[in-house]
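Structure first, then comments.
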Amino acid sequence: MIFAGLLYAYVNMLTQDSEIKLRLAQFASHDALTETENFAAYTEHIKYLFDDSAKNNLNLSMMMFDIDHFKHVNDTYGHLAGDRVLQEVAATVTTVLAANDEKVKLYRTGGEEFNVLFPGYDLASTKVIVRQVFEAVNHLVVKYEDEEINVSISVGVSTLHQADGSPIDLYNRVDQNLYFSKRHGRMRVTVE
C-alpha cells in the first residue's frame with residue numbers, strides 16, 4: 001500500500017513536471033500578446049529550413065510585413081489600442097494561413113513587424129497567400145472603445161537564392177523589399 005502511494009506520488013510529480021516544461025517551452029517560443037510564434041522560434045525555424053532547403057535543393061520563401069503608421073495608432077489612440085491592432089492583425093493573418101497551408105507560419109519578430117515562412121514555396125507559389133493576407137489586413141477595421149482604426153500593411157517578399165550563404169541573406173533581401181514598399185507609398189507589396 002505504501003509503495004503504491006509512493007509510486008502514485010512519483011508519477012504525479014513527473015506528470016506535473018512535464019506539464020511545466022511544456023508550458024515553459026510554449027512561453028519561450030510564443031509572443032504573449034499576439035499568441036503567434038516569436039523571434040526565438042523564427043530564428044530556430046529559419047535556420048532549420050535554410051539548412052534543409054540548401055541541402056535538399058528545396059524552395060523557401062519569406063514574407064515580411066509591418067503595420068503602416070503604427071506609432072500614429074499608439075500616439076492617437078493609446079498603447080492598448082495598438083495592442084488590439086496587433087492582436088487582430090495576427091489573428092487575421094493566422095486565419096488566412098490556416099485556410100491555405102498549415103506549414104506556412106507567422107512569427108512576430110519585432111514591435112509591429114511580422115515574418116511568414118513558406119517552406120517549399122517559390123515566389124510564384126507564394127502569390128495567392130501573400131495577396132490574401134494583404135487584402136485581408138488592408139480591409140481590417142479594428143474597433144477599440146468608440147474608435148474604428150483602419151489598418152494597412154507594407155510587405156516585402158523574396159525567395160532563397162543559391163548564392164545565399166546564410167538565412168540572413170534571405171532576411172536582408174526581404175527586409176529591403178519591405179522598406180522599398182514603405183518608401184514608395186506604403187500599403188503595397190514588393191517582390192523580388
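Per-structure values
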read-out	value
Accessible area (Å², per residue) of the stretch 72-124, counting only protein heavy atoms and a probe of 1.4 Å	45 Å²
Interatomic Cα distance distribution for the chain, bins of 5 angstrom, percent	1, 7, 15, 17, 17, 13, 9, 6, 4, 3, 3, 2, 1, 0, 0, 0
Square roots of five times the Cα gyration tensor eigenvalues for the stretch 78-137, Å	23, 11, 10
Degrees, to the nearest 10: 167-183 long Cα axis against longest axis of the chain	40 degrees
Cα gyration tensor of the stretch 135-177 - equivalent ellipsoid semi-axes, whole Å, descending	35, 9, 7
The chain, accessible surface, carbon-and-sulfur percent (1.4 angstrom probe)	56 percent
Accessible heavy-atom area order of ARG183, ARG108, ARG131, ARG84, highest first, probe of 1.4 Å	ARG183, ARG131, ARG84, ARG108
Karplus (6.51, -1.76, 1.60) ³J(HN,Hα), θ = phi - 60°, over the stretch 144-161, in Hz, Gly and Pro reported as x	9, 6, 9, 9, 10, 10, 7, 10, 9, 10, 10, 9, x, 9, 7, 10, 5, 10
Orientation-averaged projected area, Cα convex hull of the stretch 26-100 (nm²)	6.2 nm²
Volume per residue that the Cα convex hull of the stretch 65-105 spans, once the total is divided by residue count, Å³	60 Å³
Å³ per residue enclosed by the Cα convex hull of the stretch 36-79	85 Å³
Lysines with Cα under 23 Å of LYS55, excluding same-chain neighbours fewer than 8 positions away	LYS47, LYS103, LYS105
Label point distance in nm, ARG183-ASN57, each placed 7 Å from Cα along Cα→Cβ	3.6 nm
Cα pair distances exceeding 20 angstrom across the stretch 117-192, given as percent	40 percent
Charge dipole (debye, nearest 20) of the chain; +1 at Cβ of Lys and Arg, -1 at Cβ of Asp and Glu	360 debye
D_trans [Stokes-Einstein, Kirkwood Rh over alpha-carbon pairs] for the stretch 58-171, 4 °C, 1.567 mPa s, µm² s⁻¹	88 µm²/s
Measure of compaction for the stretch 105-160 (Cα Rg per 2.2 N^0.38 Å)	1.33
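The values are calculated or read from the model by the stated rules, or taken from the named source; none is laboratory data. As the structure is a computational prediction, the values presented were derived from the model and not from experiment. Using ideal geometry, Cβ is built from the backbone for each residue, glycine included, and neighbour counts are taken over all protein chains shown. The accessibility values were calculated without ligands, DNA or RNA, using every heavy atom of the protein model including side chains. Shrake-Rupley method; radii C 1.70, N 1.55, O 1.52, S 1.80 Å.
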